[in-house]
Amino acid sequence: MSVNARSAAVTPRGILARKGGEPLVCLTAYTTPMARLVDRHCDIVLVGDSVGMVLHGLPDTLGVTLDMMILHGKAVRRGLERSLLVVDMPFGTYEETPEQAFRNASRLMAETGCGAVKIEGGQSMESTIRFLTRRGIPVMAHIGLTPQAVHMLGGYRVQGRGDDAAHILRDAEAVAQAGAFSVVLEKVPAALADRITAAITIPTIGIGASVNCDGQILVIDDMLGMFQDFQPKFVKRFARIGEIAKSAIADYAAAVRARQFPNETHVFTDAPAVEQGEP
Ligand code: KIV
């Protein structure tokens, strides 16, 4: 499908139907302007709990709250016309019981207008995913490296090497059987990602996984090159926005100090507003 043909709103059922088809394009976004930029190119826009680290300077995703996800979810909703909006359920808002998950997921959906939620976990979340999907809440699952479990996992390590592969495969089968419409595979060996993609009936969305996944996702600020000191192996910088911003800010500071900004084109005179390009 060409970009110009992308007009109808994307739904979880539509994503499910794309299993094995044209790769699904997914990115995170946290603000309205960024949502407007990514909308025409993406199938799924995720308000990830990575927002805590990317925009709020938190050390990990554990401090992200439901209120933060609602605030950013609403902002992104305003910028989207066609991509499916998925919002992450933050740590501590779904793990206790399926009822707790439903209460918080339904709030996320009602208050942000998102079309689905994402939760981390495989077999341990099977009954929760079943509970949510049977009650009208589409779920994207997230297995492999699950950042909310960073302390249990001992860091942001590749998951599923050696004997662990069977465990991750069972996770994938469990979330698919429970009714998830897609599953993020984060930081798993490429051969395992390929096995999972071939074995399950729902689309796999890779991040640090394999080019053969049914789709790919990256954190928008990572792929735009916003951070100069942070580049995991699985991130390709498609631009160097951080360097461009740094140089623009330095130019601004120098222009202000030299009294070169503002100049006559940026200031107002007594002439009528319309002659000065004012509304
Ligand atoms: O929080 C996030 O941005 C994510 C993606 C990296 C998949 O979960």
| query | Limited to segment 148-165, what total is found for residues that are surrounded by fewer than 21 Cβ atoms within 10 Å (Cβ to Cβ) and outside any loop (DSSP other than H, G, I, E, B)? | reply | 7
| message | For segment 38-63, which positions are over 14 Å from the mean Cα position of the chain (by Cα) and among the aliphatic types (A, V, I, L, M)? | response | Leu58, Leu62
| task | Examine segment 136-158 for a residue that is more than 16 Å from the chain's Cα centre (by Cα), among the charged types (D, E, K, R) and over 30 Å from Ala191 (Cα atoms), and state whether such a residue exists. | result | no
| field | Those helices (runs of 4 or more DSSP H) lying entirely in segment 24-137 with at least 2 residues assigned by TED's automatic domain parsing to the domain that holds Gln231, within 16 Å of the ligand (Cβ to nearest atom) and free of Cβ contacts under 8 Å to residues at least 40 places away in the same chain | value | 51-54, 66-79
| field | Search result, residues across segment 213-255 that are among the β-branched types (Val, Ile, Thr) and either under 30 Å from Thr201 (Cα atoms) or within 14 Å of the ligand (Cβ to nearest atom) (or both) | value | Ile217, Val219, Ile220, Val235
| note | Selection from segment 80-108 of residues surrounded by 15 or more Cβ atoms within 10 Å (Cβ to Cβ) and either of a type in the set (Phe, Trp, Tyr) or under 22 Å from Val25 (Cα atoms) (or both) yields Leu80, Ser83, Leu84, Leu85, Val86, Val87, Asp88, Met89, Phe91, Tyr94, Phe102
| said: Criterion first (closer than 30 Å to Gly160 by Cβ and surrounded by 11 or more Cβ atoms within 10 Å (Cβ to Cβ)) does Gly206 satisfy it? | reply: yes
| field | Matching residues in segment 27-41 - criterion: being buried (at least 19 other Cβ atoms within 10 Å of the Cβ) and under 19 Å from Met53 (Cα atoms) | value | Leu27, Thr28, Ala29, Tyr30, Met34, Ala35
| query | Quick one: which of Ala141, Ala178 is within 14 Å of the ligand (Cβ to nearest atom) and either at pLDDT 95 or above or surrounded by fewer than 17 Cβ atoms within 10 Å (Cβ to Cβ) (or both)? | reply | Ala141
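The values are calculated or read from the model by the stated rules, or taken from the named source; none is laboratory data. Since we're looking at a predicted model, the values are computed, not measured. Quick reminder, even Gly has a Cβ in these numbers, built from the backbone with ideal geometry, and neighbours come from all protein chains shown.
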